[in-house]
Amino acid sequence: MSEGSCDEVMEVLVVRASDIAKLLSQPPEGDEISMKFGKIFEEEYALANHIYLRSASTGVPKKFIRKVAARLKSEGIYSRELVVKAYRAYSALLKAGVVGEKPSTHFKEFKDLIFIAAQPDIYNSSTGTYYEFKLYPINDYARTQARVFAWVLEKPIVLVGLKEMPNGYFDVEKEVINPPETLDVSPEDLKKVARTEEFCKDLKIPVHMFMKYMIRYPYEFDEELTP
């Protein structure tokens, strides 16, 4: 985060990239179990990457599987098949080089105090690469969402899809999605799916994000904030 103050606050509308993708493209259909599994996998894969990048331990895959299994049980959707699927998807993504950590949410103003929020799945700081992965083959919805990410971040997004083969293992698909010049959506449509948030006027980020950063790194702003 760049230095700055949050002396003035303004009320804005914020729209998530996934909600824009739903406006522009048909999202894939899935049952409740598949959706819960996908969310759990996404969160635990990002966490496992965090541990993987900071640890020489060879036990990361085991920790990942144990955590996934525990969360599946807590959601009441545990099955051995899902645990095996999680491990195979984990292995496929690692072999494809989809490594990094969960990036912070970025915001970009679309028009008239309407901001788009983007948070791809993984950011590799050593290569400056953003990844968005799906547990299904790449489709129009995934491309649309990645285009929104790319527009907000003003950087390419590597879109990764996993195609499950008859033997249960995964083939990996990759596409590089470059930033579009514009987003083909109207402010009126965005307002229908937007939520209201308080932003720091100078920094153009949510107040809660600024406060969280201040608590975590209290001395970085001392010089500017001290009278």
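With ARG80, ARG71, ARG16 as the choices, which residue is modelled with pLDDT of 95 or more, among the charged types (D, E, K, R), crowded, with 18+ Cβ neighbours inside 10 Å and more than 14 Å from the chain's Cα centre (by Cα)?
From the options ARG80, ARG71, ARG16, the qualifying one is ARG71.
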Could you give me the residue pairs with C-beta distances under 6 Å whose first residue belongs to region 101-118 and is more than 15 Å from TRP151 (Cβ to Cβ), whose second residue is modelled with pLDDT of 95 or more wherever it lies, and which are 6+ apart or on separate chains? PRO103/TYR123; LEU113/VAL12
For GLU109, state whether it is surrounded by fewer than 16 Cβ atoms within 10 Å (Cβ to Cβ) and among the acidic types (Asp, Glu). yes
Whichever residue in region 13-56 is in contact with an Asp or Glu (Cβ under 9 Å, 6 or more places away or on another chain) and among the hydroxyl-bearing types (Ser, Thr, Tyr) and, among such residues, is farthest from PRO137 (Cα to Cα): TYR45
Selected residue (criterion: surrounded by the fewest Cβ atoms within 10 Å (Cβ to Cβ)) from residues of region 134-182 that are assigned to a helix (DSSP H, G or I) and of a type in the set (Lys, Arg): ARG143
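The values are calculated or read from the model by the stated rules, or taken from the named source; none is laboratory data. The structure presented is a predicted model; accordingly, all values stated were derived computationally and were not measured. Using ideal geometry, Cβ is built from the backbone for each residue, glycine included, and neighbour counts are taken over all protein chains shown.
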